[in-house]
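The values are calculated or read from the model by the stated rules, or taken from the named source; none is laboratory data. This structure is a prediction, so every number in the text was calculated from the model and none was measured. Note that we place each Cβ from the backbone using ideal geometry, even for glycine, and neighbour counts take in every protein chain shown.
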Amino acid sequence: MIPLPEDLLQRLAAAARLASAHAYAPYSRFRVGAACVAGSGRVYSGANVENASYGLTICAERNALFQAVAAGERDISAIVVYTPTPAPTTPCGACRQVLCEFGAAIRVVCCCDGDEVREFASGELLPDRFQL
């Protein structure tokens, strides 16, 4: 994994926390935010958006990544996921697969309201991912 400067890590964590405030989570009440940094240095954030047809829900991680892709980015170096929980929560399986689509060495940092922070490479989260 490429090390992240502390100031960038803090900027991503703040963007993820801010994004969680915009989550649409009337069913789970689990407001998640994520922010990723692309090769250009731009930061893209996203929040979870739930739907009564649960399969149509989009997670914050995919929302942030898709924002980057929609802006023409393909080189994602890191993503920070914030959850309003006492301990960090890792991305779901679908998000893990999407992260790995853009590389097995993306730094995934999971933070929360507590002090604990967990870090992984995207490939560690999904070692036997689907690949073409």
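Residue 55 falls short on exactly one of the conditions (1) at pLDDT below 95; (2) on the phi > 0 side of the Ramachandran plot; (3) among the small types (Gly, Ala, Ser), and that condition is (2). Among strands (runs of 3 or more DSSP E) entirely within the range 1-106, having at least 3 residues that are under 19 Å from residue 120 (Cα atoms) and touching a residue at least 12 places away in the same chain (Cβ under 8 Å) singles out 33-38, 76-83. Scanning the range 73-89 for any residue that is within 14 Å of the chain's Cα centre (by Cα) and either more than 21 Å from residue 11 (Cα to Cα) or surrounded by fewer than 13 Cβ atoms within 10 Å (Cβ to Cβ) (or both) turns up nothing.
Of all the residues in the range 22-50, those that are more than 13 Å from the chain's Cα centre (by Cα) and closer than 17 Å to residue 86 by Cα number 3.
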